[in-house]
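Read-outs: derived from the displayed coordinates by stated rules, not from any lab. Please read all numbers here as calculations on a predicted model, not as lab measurements. For neighbour counting, all protein chains shown are included, and Cβ atoms are generated from backbone atoms with ideal geometry for every residue, glycine included.
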Amino acid sequence: MKCKRNKQEKYKKLSCPNCSSENIIKRGVRKTENRGEIQRFSCKDCSYRFVVDDGFYRMRNTPQKISQSIDLFYRGVSTRKVQEHLAIFHPHNASNVSVYKWIIKYSKMISKFTDRLKLDVGMEVQVDEMECHRRKSHKSRKGVEKNWFIDSICPETRFLISSEYCRTRSLRDIKAVVSRIKQKSEDKTKIVTTDGLNVYPRAIKQVWGYNNKLGRHNVMHNKVNASKGEGFNHPIERLHNSVRARTKVMRGFHGSIHSANAIMKGFEIYYNFITKHQAIKKCPYELALPELAKIMKEDKNRWLSLIKITKEASL
Ligand SMILES: [Zn+2]
């Protein structure tokens, strides 16, 4: 019953891409070679006919095949090996370059949506950077560039709140990550734990500001000093271990910094929504996004659910 109502509401939200009228009717189906029959709509005001983009508009492969490939990639299978797997189990062939393009496309698409979500996280956030290496081109001649993966995690829910793959770890780069923490966790953050990198105090001060009434900063900056033998308590270091384990074999780490960033956005999605975290025996999103968790409770293929939800949210 509930499901039916949702479907109707979804249908009501549709409007004509030509004249924005909401006076829409279903009208026949479009037959596609690889994705079956797709519902066509017609506008009663201007008689424009259209199909709704479910996230796979004009893709020549099925949503199942595409999401399966993305999933395999983040579990550690190279794009070439994914392609070999597809060739065995799916009739229509796709190249390893297509697989690579799907990863970039859908990582970007989903993270546009997930970056806007408000999180139910704890009062502490840990921010750290790790050094990464990226081949400037698939031809090894051009050499390797040293980059940084800046990330932040809530130790309570293990949710990876915000991350960015950057050339440097300058104030600008750190601020990009830190300001997204503030935006996504709203006023929940009270303690920010970082290492001794000298740009943190300024970044934190600029993002959260100073409270004149209380005579102190709005968040407490907890600096851990590695040379004194202090360390992060484990959540962020465990996260770095999984990033390291994954990027070590990642062949996608060549070419532009933008594609490397997109691949890491996909990793963020994989880490938060797809894999169970051993420490909490759940996916981090189940704790940090309880409303979304209710919607996706029954869904096995959460890559697909996220793509559909992202598309619906952007309509
Ligand atoms: Zn119209």
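Here are the numbers:
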quantity	calculated
Computed [θ] at 222 nm, helices only, for the chain once each DSSP H run of length n ≥ 4 contributes -39500 (n - 2.57)	-12500 deg cm²/dmol
Relative compactness, the stretch 167-221, computed as alpha-carbon Rg over 2.2 N^0.38 Å	1.11
The stretch 124-272: antiparallel DSSP beta bridges as a percent of all, rounded to 5	70 percent
Dimensionless Rg/Rh of the chain - Kirkwood Rh, Rg from C-alpha atoms	1.02
For the chain, built as a Gaussian network whose Cα springs stay under 10 Å, the top-fluctuating residue of Asn96, Asn241, Asn23	Asn23
Listed residue pairs exceeding 21 Å between alpha carbons, taken from Lys136/Lys182; Lys118/Lys308; Lys101/Lys281; Lys101/Lys136; Lys112/Lys223	Lys136/Lys182; Lys101/Lys281; Lys112/Lys223
FRET E, pair Ala245, Gln39, Förster distance 45 Å, beta-carbon r, rounded to 0.05	0.60
Check: the chain dipole with +1 on Lys, Arg Cβ and -1 on Asp, Glu Cβ, in debye	880 debye
Viscosity 1.002 mPa s, temperature 20 °C, Stokes-Einstein D of the stretch 157-197 from Kirkwood C-alpha radius, µm²/s	190 µm²/s
Computed FRET value (nearest 0.05) for Leu171 with Glu131, which takes r as the C-beta separation and R₀ as 25 Å	0.85
The stretch 117-163 - convex hull of alpha carbons, volume per residue in Å³	81 Å³
Gln64 paired with Ile280, simple spin-label distance in nm, labels 7 Å along Cα-to-beta-carbon	3.2 nm
Backbone HN-Hα couplings from phi across the stretch 261-272 [Karplus 6.51/-1.76/1.60, Hz, Gly and Pro as x]	5, 4, 4, 6, 4, x, 4, 4, 5, 4, 5, 7
Rough spin-label spacing in nm, given labels placed 7 Å along Cα→Cβ, for Lys213 and Ile191	2.4 nm
Computed over the stretch 124-272, Kirkwood Rh from alpha-carbon pairs, angstrom	16.1 Å
Computed FRET value (nearest 0.05) for Lys81 with Lys142, which takes r as the C-beta separation and R₀ as 25 Å	0.55
Highest-first arrangement of 214-223, 268-277, 191-200, where packing means the average Cβ count within 10 Å	268-277, 191-200, 214-223
